[in-house]
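Working notes, beginning with the structure itself.
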Amino acid sequence: MSRPMGGPRGMEGPSRKLDRKTGIKVLKRILSYLFRYKWLALLALCMMLVSNLLALAGPRISGYAIDAMSGEPSGELIFAPLYDLCLSWFSNPMIGQVLYYCILMAGAYLISAGMSFGLASLMIVISQKVISAMRRDVFHHLTTLPVSYFDRHQTGDIISRISYDIDTINTSLSNDLLQVCASVVTLVGSLAMMASISPMLLLVFAVTVPMSLWFTRRKTKKIQPFFRARSGKLGELNGYAEEMLSGQRTVHAYHREADTLKNFDEKNESAVQAYYMADYHAAVIGPSVMFINNLSISLVTMMGGLFYMLTVSLGGAVWAPIAITPGGVASFVQYSRKFAGPINEFANILNEIQSAMAAAERVFALLDEPSEVADRENAQELTRVDGQVSLEDVNFSYVPEKPILKHFSLNAPPGTVTAIVGPTGAGKTTVINLLMRFYDPQSGVISVDGKNSLDVTRESLRKAYTMVLQETWLFCGTVHDNIAYGREGATREDVIAAAKAARIHSFIERLPQGYDTVLSDDGINLSKGQKQLITIARAMLSDSPMLILDEATSNVDSRTEQQIQQAMLSLMKGRTCFVIAHRLSTVQNADNILVVKDGTVIEQGNHEQLLASGGFYSKLYNSQFE
Amino acid sequence: MKLMLRYLRPYGRNVSLVLLIKFLGTLAELFLPYILSHILDNVVPRESVPQIFLWGGIMILFALVAFGLNVWANQRASAVARDSTRDIRHDLFEKTLALSSRQVDRFTVPSLESRITSDTFHVSRFLGMMQRMGVRAPILLIGGLILTATMDLDLTLVMLAVLPFIFCAVFFIARKGIPLYSDVQAQVDDMTRVVREDSKGIRVIKALSRVQYEKDRFDGVNADLVRAEKKAGITMAASNPSMNLFLNLGLTAVIFVGALILGTGGSSEVGVIIAFTQYFTLIANALMSITRIFIMYTKAAASANRIDEVLACEEDMPLASAQTYPDRAYDENRYIEFDHVNFSYNKTKNNISDMSFSIPKGGTLGIIGATGSGKSTILQLLMRFYDVDSGAIRIGGRDVRTIPMGELRTKFGAALQNDILFSGTVKQNLTFGRDVSEEGLRSSVETAQAAEFVDRLAEGMDYELTAKGSNLSGGQRQRLLIARALAGDPEILILDDSSSALDYKTDANLRQALDESAGTSTRIVVAQRVSSVMSSDQILVLEEGQTVALGTHEQLMETCDIYREISHSQMGGAILE
């Protein structure tokens, strides 16, 4: 129950095995987290020892009690006063003796239970400390990563590391680690206890333990592929169902319900069949473990009975290792149950630890991702920017073999509007990435006010820009919070003024809670256009000297776009602007239009100049009237 | 529970067989401690070695029988679980596919997804578990009690007295603890939401230098999550120690009472007490299993209810008879007809108000208007994803509500907004299970301007698309969607803002190709660009769900201010972003 519903996907996930060397490294790193709480961990270890030893003492004392009943008291005395007290209560000394042992037993169990609860709680506290530190480290590290990391990795992958993987580590830390220690104690302890009762009876385990080990090993090996197939098939089925449901309207539109159902049925059949096969083979395990257990007990009973018989008939002449009392047999049976438990559990725990290690490796891999290159040592704060931006002979590629920008140059004097147009994939957005230093070019210089952008701090450089991107980004929070995000300390008045300028004020007013309406995935349904207007309002709050509009109005229909033109113009006023747009109408008024194709500027000039030259731009422009 | 029983019924014979086998297996297991006490109390005193081996052999035999029967029963139980799970999933998916758009909106797609994936999983796991442990646990419990009662009634009563404590302890802890886990789940959702938002918006966050703010925000949700997990974990951590404590205290009590009876001249025997300790463990384990089944049951029952909710949905867009919605004489000039249509998604404010227009067979209609003006809604109504609130929509004189769904939908070829491609080859996506000839396929690819990039793919039409076609660019996806719509050679072609990601040149080529090839198809084009609709026979200008104007490009340029405004803004008007 310790793991909250992980859903079927998380279950029996592929447990990748690590090689020994990385395994040790990963383990060391987990331990280094644990080491921060070494005193607590030490306390836990002590509690574990006490709790388990006391639990082990129980059956032994009960054996003494049974011996006392059969009239042959065998144990030594501790707490003699208690013993005398118990004896004094009853006329029959046997009852007094038994009571004495029973009180000892109850005491041992009580303390043991208290300890084990304390221990479990302590482990939860420790593991929560560890994983909250881990999560914190991961997230803080995430914020320092270059933007390219997020371009290369899917959000789902990042999330699964920070939630599922860390959760796996958590389970392992709070349960498995403890269980391994406890198992070892129980194993060694019950072995010692049994040896002290009757070394000869231990021989029974020389038969059953190897049998059980051999069997579980063989079985798990055989079963594993079935379980892998089972989670694989289930994943396929779920994937198919998800895909079809998200495309349900399409399926309806083309009336493909019957086909889709048939495909689903096939996948369903193989999923349930894989499920069955895994279960079919696994069905043997539980009963066999039980059987081997029962076999041990049968053998112990037989041998124990035999030994007891010998002990009674031969009296003192019996060979010492064979001698046994009825209480001894009883304790022995109880210990053998205790003994069998951990052995069977071991394989399971080992598997879990392995998947936890694999999870930890994924988490550490993220932590080891290099952060954004630090600012240069003598980097300056960029203050009071005029807005002179230039790129000189810039070369850039995301992957070495695919150059995106080739010998790219542009010059944007303060307060001018530079538009970048061109076909998809020409490198328009890349220019923005370089301006903002989300990426750095392989060669060439980008400068702001004549300063090489590598020589100023990233933070101050980015603060000098305001961006409105095609992909609107809103977070779960009120409308107010989302707009106010544009400037620290923005007041409600500022926010309203910005919303008015972006022509979204009256829409917001009509929302159920106005500016305090919470925007969330399942809440208010905003159209793409409305979302974009909110991000435009956010940009309105910023007072940076440079502005980037990357397809900013492509989600807004032309009529709405026209209505916010005024606002956009005031947003652009006095700033150096970079505009990327599909619609040529939106770039016509730019001071300089760069036509980019395959990473180079093939034409530039203002609208009239480009039309007059009759090049690529004029062809593009005229095509809309065809 | 009803749902589960309903799906188990067809396999009733198998289920009973499983239960019977399980019953016998469990009985065999129950006799083991009994034999044990017999050996110690009766056989050993007789000092006969062969007797000990005989009874020891019997014990092992019983263990073997228990083993065999349990394995057999478990395997059969898995088969039953397999079959009923298959049936549940099939029915659920079939029903889900048949839900109307309004019903889907109400459930939401993610919720439907999780019903098919995780809810059926929980139910299926429970079905298997119930057969395996559901019989075993009660039999161990009751049988154990009966057997111990025959051995020694007084000691049995002692044992019986402890059981309620164990049960209550587990039950109350579970009842308190399980809801805490939904708290944890909620906090996990909060935490992942922050991570998701920030990974998506990293550019904005960095551009606005709000990294510290985001760190604080994360630390906040992280702390909340830790608090919730700690609380739930520590609550649940009490269950094992308390269970063990009661169990062991019970054992202690049995021994002491046994001594009392023995001491007062009773007949308790040592072997019996040893057997008791064994039964006690068995019974206590059975009790734990029962509580576990109970906990699993609450979870599975919740899942079963969620499944049943979907299965119980009534068809909300049934086929209506022509009596209810009478036909109108077929008129070539009114092939598609909207007749005073009103419609609202949430039944409060109309999304479409009093809409009337008609399209002749083979004609073209362009629809233009602002975001949220109701352009797509018109198409949704025409294809009967939703039913009109009042008024009527007719195709070829028949009300769409009287046309069987299959017949209605196969009239259309539609490239809708938010339409998706599926994983599979380009060809599979285009034919989409329909009968499409090679030539038809080729010409639709060419018309859709997709040939240019499909031919450049090494595998051509056999190129494997990933889910949602995410390994194509936006423009490429749109062109394939159009090709898919064309491939069925539909009576009515619908293009809903489906060239927005194309550059002007490609868009122009597409329009030209459509005009040349679409031939007899009646065409409806929704667009934001005037250029995409200007060549249509009629253009419908919408604002807030109402018709502002209807006419040709030239007419509208003269009479409609809004249309003129849009047109100017796009066609070389002198305004910059």
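Filter the range A:559-595 for residues that are in a loop (DSSP other than H, G, I, E, B) and either modelled with pLDDT of 70 or more or of a type in the set (S, T, N, Q) (or both) and give the result.
Our first condition is that a residue be in a loop (DSSP other than H, G, I, E, B); within the range A:559-595, this holds for A:573-575, A:581-583, A:587-591.
Those that are in a loop (DSSP other than H, G, I, E, B) and either modelled with pLDDT of 70 or more or of a type in the set (S, T, N, Q) (or both): A:K573, A:G574, A:R575, A:A581, A:V587, A:Q588, A:N589, A:A590, A:D591.
Listed residues A:V431, A:V421, A:V394; which is under 27 Å from A:R538 (Cβ atoms), more than 37 Å from the chain's Cα centre (by Cα) and touching a residue at least 24 places away in the same chain (Cβ under 8 Å)?
A:V421
Are there any pairs with C-beta distances below 7 angstrom linking a residue in the range B:343-361 that is among the acidic types (D, E) to a residue that is modelled with pLDDT under 80, with the two at least 6 apart or on different chains, and if so which?
Matching pairs, first to second residue: none at all.
What do you reckon, is B:I367 modelled with pLDDT of 90 or more, within 14 Å of chain A (Cβ to nearest Cβ) and crowded, with 20+ Cβ neighbours inside 10 Å?
yes
Of the numbered conditions (1) closer than 30 Å to A:H255 by Cβ; (2) away from chain A (no Cβ under 11 Å); (3) crowded, with 20+ Cβ neighbours inside 10 Å, B:T148 satisfies every one except a single condition; which is it?
Only one criterion in (1) closer than 30 Å to A:H255 by Cβ; (2) away from chain A (no Cβ under 11 Å); (3) crowded, with 20+ Cβ neighbours inside 10 Å is unmet by B:T148, namely (1).
Restricting to the range A:521-558, what's the tally of residues that are assigned to a helix (DSSP H, G or I), crowded, with 21+ Cβ neighbours inside 10 Å and modelled with pLDDT under 70?
Total satisfying the criteria: 1.
What do you reckon, is A:V204 over 38 Å from the mean Cα position of the chain (by Cα) and crowded, with 16+ Cβ neighbours inside 10 Å?
yes
Within the range B:440-522, considering only helices (runs of 4 or more DSSP H) that don't extend past its boundaries, which have at least 3 residues that are touching a residue at least 60 places away in the same chain (Cβ under 8 Å), surrounded by 22 or more Cβ atoms within 10 Å (Cβ to Cβ) and within 13 Å of another protein chain (Cβ to nearest Cβ)?
Hits in the range B:440-522: B:474-487.
Kindly indicate which of B:L40, B:L19, B:L97 is at pLDDT below 90, closer than 22 Å to A:S288 by Cβ, in the same structural domain as B:G134 (by TED's automatic domain parsing) and in contact with a helix residue (DSSP H, G or I) (Cβ under 9 Å, 6 or more places away or on another chain).
After applying the criteria, what remains is B:L19.
List pairs: first residue in the range A:155-180 and within 9 Å of chain B (Cβ to nearest Cβ), second residue modelled with pLDDT under 75 anywhere in the structure, Cβ distance under 8 angstrom, at least six positions apart or on different chains.
Every condition considered, the pairs that remain are A:D167/A:R3; A:D167/A:G6; A:S174/A:S2.
Count, please, the residues in the range B:251-261 that happen to be within 16 Å of A:L104 (Cβ to Cβ) and either in contact with a Phe, Trp or Tyr (Cβ under 7 Å, 6 or more places away or on another chain) or within 7 Å of another protein chain (Cβ to nearest Cβ) (or both).
6
Residues in the range A:238-256: is at least one over 30 Å from A:S336 (Cβ atoms), more than 7 Å from chain B (Cβ to nearest Cβ) and touching a residue at least 24 places away in the same chain (Cβ under 8 Å)?
yes
What number goes with the only condition from (1) within 25 Å of B:N418 (Cα to Cα); (2) crowded, with 21+ Cβ neighbours inside 10 Å; (3) in contact with a helix residue (DSSP H, G or I) (Cβ under 8 Å, 6 or more places away or on another chain) that A:T250 does not pass?
All conditions are met except number (3).
Which of the residues belonging to the range A:74-115 are of a type in the set (A, V, I, L, M, F, W, C), more than 8 Å from chain B (Cβ to nearest Cβ) and farther than 25 Å from A:N52 by Cα?
A:L85, A:C86, A:L87, A:W89 - these are the residues of the range A:74-115 that are of a type in the set (A, V, I, L, M, F, W, C), more than 8 Å from chain B (Cβ to nearest Cβ) and farther than 25 Å from A:N52 by Cα.
With respect to the numbered conditions (1) within 19 Å of A:G286 (Cα to Cα); (2) at the interface with chain A (Cβ under 9 Å from one of its Cβ atoms); (3) surrounded by fewer than 18 Cβ atoms within 10 Å (Cβ to Cβ), which one is the sole condition not fulfilled by B:P45?
Going through the list (1) within 19 Å of A:G286 (Cα to Cα); (2) at the interface with chain A (Cβ under 9 Å from one of its Cβ atoms); (3) surrounded by fewer than 18 Cβ atoms within 10 Å (Cβ to Cβ), B:P45 breaks only (1).
Output the number of the condition that B:Y386 fails; it satisfies all remaining conditions of (1) surrounded by fewer than 17 Cβ atoms within 10 Å (Cβ to Cβ); (2) farther than 30 Å from B:D561 by Cβ; (3) in contact with a Phe, Trp or Tyr (Cβ under 7 Å, 6 or more places away or on another chain).
With (1) surrounded by fewer than 17 Cβ atoms within 10 Å (Cβ to Cβ); (2) farther than 30 Å from B:D561 by Cβ; (3) in contact with a Phe, Trp or Tyr (Cβ under 7 Å, 6 or more places away or on another chain) applied to B:Y386, the lone miss is (1).
Here's the yes/no breakdown for (1) in a helix (DSSP H, G or I); (2) in contact with a Lys or Arg (Cβ under 6 Å, 6 or more places away or on another chain); (3) of a type in the set (S, T, Y):
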residue	(1), (2), (3)
A:I111	yes, no, no
A:F117	yes, no, no
A:R136	yes, no, no
A:S190	yes, yes, yes
A:L201	no, no, no
A:V207	yes, no, no
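Identify, please: which residue in the range A:596-619 is among the hydrophobic types (A, V, I, L, M, F, W, C) and not in a helix (DSSP H, G or I) and is, among those, surrounded by the most Cβ atoms within 10 Å (Cβ to Cβ)?
Of everything passing the filter in the range A:596-619, A:V596 is surrounded by the most Cβ atoms within 10 Å (Cβ to Cβ).
Given the structure, is B:S532 in a helix (DSSP H, G or I), in the same structural domain as B:Y563 (by TED's automatic domain parsing), within 22 Å of A:V421 (Cα to Cα) and among the small types (G, A, S)? Talk me through it step by step, then tell me what you get.
Values: in a helix (DSSP H, G or I): yes; in the same structural domain as B:Y563 (by TED's automatic domain parsing): yes; within 22 Å of A:V421 (Cα to Cα): yes; among the small types (G, A, S): yes.
Yes; evaluated as a whole, the condition is true for this residue.
One line per residue, one yes/no per condition, for (1) touching a Ser or Thr at 6+ places or on another chain (Cβ under 9 Å); (2) aliphatic (A, V, I, L, M); (3) surrounded by fewer than 18 Cβ atoms within 10 Å (Cβ to Cβ):
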residue: B:D87; (1), (2), (3): no, no, yes
residue: B:T96; (1), (2), (3): no, no, no
residue: B:L99; (1), (2), (3): no, yes, no
residue: B:V104; (1), (2), (3): yes, yes, no
residue: B:T108; (1), (2), (3): no, no, yes
residue: B:I116; (1), (2), (3): yes, yes, no
residue: B:M129; (1), (2), (3): no, yes, no
residue: B:I139; (1), (2), (3): yes, yes, no
residue: B:G143; (1), (2), (3): yes, no, no
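Yes/no per residue for (1) within 13 Å of another protein chain (Cβ to nearest Cβ); (2) in a helix (DSSP H, G or I):
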residue: A:C46; (1), (2): no, yes
residue: A:P59; (1), (2): yes, yes
residue: A:G63; (1), (2): yes, yes
residue: A:G71; (1), (2): yes, no
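Yes/no matrix, rows are residues, columns are (1) at the interface with chain B (Cβ under 9 Å from one of its Cβ atoms); (2) farther than 18 Å from B:G68 by Cβ:
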| residue | (1), (2) |
| --- | --- |
| A:Q273 | yes, yes |
| A:V284 | yes, no |
| A:L295 | yes, no |
| A:G304 | yes, yes |
| A:V329 | yes, yes |
| A:Y335 | no, yes |
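Name the residue, out of A:S62, A:S32, A:S51, that is surrounded by fewer than 15 Cβ atoms within 10 Å (Cβ to Cβ) and among the polar types (S, T, N, Q). Give the steps one after another, and end with the answer.
Numbers: A:S62 fails: surrounded by fewer than 15 Cβ atoms within 10 Å (Cβ to Cβ); A:S51 fails: surrounded by fewer than 15 Cβ atoms within 10 Å (Cβ to Cβ).
Residue meeting the stated conditions: A:S32.
Output the residues belonging to the range A:364-373 that are in a loop (DSSP other than H, G, I, E, B) and surrounded by 17 or more Cβ atoms within 10 Å (Cβ to Cβ).
A:E372
Within the range B:406-426, which residues are at the interface with another protein chain (Cβ under 8 Å from one of its Cβ atoms), surrounded by fewer than 18 Cβ atoms within 10 Å (Cβ to Cβ) and at negative phi?
Answer for the range B:406-426, where residues must be at the interface with another protein chain (Cβ under 8 Å from one of its Cβ atoms), surrounded by fewer than 18 Cβ atoms within 10 Å (Cβ to Cβ) and at negative phi: B:G406, B:T410, B:S423.
Which of (1) modelled with pLDDT of 80 or more; (2) surrounded by 14 or more Cβ atoms within 10 Å (Cβ to Cβ) does B:K299 not meet, given it meets every other one?
Condition not satisfied by B:K299: (1).
Residues to consider are A:V448, A:V479; find the one that is away from every other protein chain (no Cβ under 14 Å) and in contact (Cβ under 8 Å) with a residue 60 or more places away in the chain.
Testing whether each residue is away from every other protein chain (no Cβ under 14 Å) and in contact (Cβ under 8 Å) with a residue 60 or more places away in the chain leaves just A:V448.
The values are calculated or read from the model by the stated rules, or taken from the named source; none is laboratory data. Predicted model only: the values in this text are computed from it and were never measured. In this analysis, Cβ positions are derived from the backbone assuming ideal geometry, glycine residues included, and neighbour counts consider all displayed protein chains.
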